[in-house]
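The values are calculated or read from the model by the stated rules, or taken from the named source; none is laboratory data. Keep in mind that what you see is a predicted model, and the values were worked out from it rather than measured. Ideal geometry is used to build each Cβ from the backbone, glycine not excepted, and the neighbour counts take in all protein chains shown.
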Amino acid sequence: MDILELDPAWCWSPYQPEAENSWDRQAATHLYRRAGFSATVDELDKAVGIEPGELAHELVFGSREPEVFSTRMQDMVDAMIATGDVTRLAAAWLYRMLQTPNQLQEKTTLFWHGHFATSGEKVQDPIMMQQQNDLLRTHATGNFHEMVQAISRDPAMLIYLDSANNRKTHPNENYAREVMELFCLGEGHYSEQDIRELARCFTGWEVKNRRFRFNHYQHDFGSKTILGRTGKFSGEEAVEQVLEQPVAAIFIASKLVNFFVFDEPVVPPVLVEPLAVQLRKDGFQVAPTLERIFSSNLFHSPFSRRRKIRSPVELMVGLLRTLEMSVNVNQLATGIQDIGQGLFFPPNVNGWDGGRSWINSSTLLGRSNLVYRVLSDEKTRFAGGTLEQFLVGHGVGSLRKAANWFVDHLFAIDLDSGRREELAGVIEPSSPDRYRQLLHALVTLPEFQIC
C-alpha cells in the first residue's frame, strides 16, 4: 500500500498491539529512537512492561531534568561560553543529549534548531546562540504561537536574518519572508506584497547589549494589509495574523511527521489533517500532538519503522546512549560536524535537508571513521568500564553472542543469523580488541544507518 492510500483516521487512532508479542523490545526501541536518542538496556526492560500509549505519555509529559542536572549543565555551558568560541557550545549540548532524562525535550529542541535555523557562522556570539538554544528548549513541546513570538524577537535570529537593521525608510524583507515560507505557512500561501507589508511590521526591531529592543522612532506605524486583513499591525500582531492562517497547523503537523515518523519529501496534507485539527483545538500546544503521534497506528506500523535515515547526531548519540558510553564530547562535536551536522551551524536558513541527503560515499566513510575514532580512544568507557566488561555484565561472553546482542539492541533492520555469524567469524577471537572490532564492523553497515 502506498502512503497516499492510508486512511488518516486509522493512522492517528491509538495503537493496540494485535498479538501478545507485538509490543516487544524492538517496538519499544523504535519509540525511544524517535522520541529521543535510543534507550539503555534498563530503560527497555522497564518499557516492555508498560502499555505503548502509557509509555508515550510518560515520554512526552513525565520526564523532567533534576535541578542538580540543570545546574551542572549551566556550569558547563558557562565554561563553553567563556571561550568565546561558538563551536564549543555543541559539546555541551551533546553532553546534555547523552545524559538528560528528558530525551524528548532535547530531540524536539534539535528539531526546532533545524526549523528555525540560525548559524553561529554569521552571528559569531556564543551568548546569543546559547540564548536561542535555551529558548527553543523552553518552548520545545509547548505553545507554538509563543515560540514564534519569542524567536521573532530573538537577538541571534534578528542578526542572522538581518532584521536587526530593519528601518521604516528601508524595510528588510528577510525575516518576513522566512516567517511565512519556512517557519509557519510554507511556499505558495502568501504573496510578495504580503512579504513587503509584513516587513514593515518588524521595522524598529533591534538588538542592544544582546537583547531585543524596540526602537519607536524606526517603526512604521502606518496601515498594512497582510494576508487579507488591514490594520496598523505591530510585529507581534502581524505574527498572530500569520499563525491564524488555516494552513499553519497543516504545515507544522507535516514537519513533525516528517521528523518523527518517516522521511518523505512531501507529506500529503490530507494525511496530517487530524493532527492539524488537534493542534488548533489545543491552541497550538505541541505536546498533545506529539503524544498522539507516538501512540498512533501509523507510528507503530511498517510505514514508520525503518523508514528514516539516522542523522549524524542520532547515529552517534543513539550508539553512545545504548552502550552507556562516556567520550570526549569536544572531539565528538567536531566529528559530527565533519560528517554534516554541525550543531549551531546549520548550512543555511532551510536547516538540514535530512533523509537521503545524509548519505553518500563520503559521509558513509566519515561515519565509519568517526565511530572508529570514538571506539579506539583509550578514554572511552562503557558504563564506566571496558566494552568486554559491559558485555559480560549483560551475559555476553563470546563473539557470536556479542553479534546477536549488538544487532538486537542497536539495529532497526534485522540481520539474519548467517550474516551475524559471518561478521563474528572474521574477527580474531584472541584479539584484545575483538569486541570493538566487531562493533565497528556492524555499525558501519548500511543497515545501521536506518532507524
Worksheet item: Which number in (1) of a type outside the set (G, A, S); (2) under 28 Å from F382 (Cα atoms); (3) part of a helix (DSSP H, G or I); (4) in contact with a Pro (Cβ under 9 Å, 6 or more places away or on another chain) marks the one condition that L4 misses?
Response: (2)
Response to the item:
Taking the stretch 360-384 and keeping residues among the aliphatic types (A, V, I, L, M) and either part of a helix (DSSP H, G or I) or at pLDDT below 95 (or both) leaves L364, L365, L370, V371, V374, L375
Discussion item. Pull out all pairs, ordered by first then second residue, where Cβ-Cβ is under 8 Å, the residues are six or more apart or on different chains, the first lies in the stretch 249-266 and is more than 16 Å from R306 (Cβ to Cβ), and the second is of a type in the set (S, T, N, Q).
Written reply: A253/T289; L256/T289
Practice prompt. Search the stretch 127-151 for residues that are basic (K, R) and pair each with any residue that is in a helix (DSSP H, G or I) and modelled with pLDDT of 95 or more when their beta-carbon atoms are under 9 Å apart and the residues are at least 6 apart or on different chains.
Written response: R137/R96; R137/Q105; R137/E106; R137/T108; R137/T109; R137/W112
Discussion item. Just the residues that are free of Cβ contacts under 8 Å to residues at least 24 places away in the same chain and surrounded by 15 or more Cβ atoms within 10 Å (Cβ to Cβ), please, taken from the stretch 27-43.
Written reply: E43
Worksheet item: Do we find that A9 is crowded, with 16+ Cβ neighbours inside 10 Å, assigned by TED's automatic domain parsing to the domain that holds S254 and among the small types (G, A, S) in this structure?
Response: no
Item to complete: Might you let me know whether the stretch 110-123 holds any residue that is surrounded by 23 or more Cβ atoms within 10 Å (Cβ to Cβ) and of a type in the set (V, I, T)?
Response: yes
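Looking at the stretch 54-106 only, could you name the residues that are hydroxyl-bearing (S, T, Y), in contact (Cβ under 8 Å) with a residue 24 or more places away in the chain, assigned to a helix (DSSP H, G or I) and over 18 Å from L320 (Cα atoms)?
Within the stretch 54-106, just T87 meets the criteria.
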Worksheet item: When residues of the stretch 107-132 are filtered for being of a type outside the set (G, A, S), touching a helix residue (DSSP H, G or I) at 6+ places or on another chain (Cβ under 7 Å), over 19 Å from A35 (Cα atoms) and assigned to a helix (DSSP H, G or I), how many remain?
Response: 9
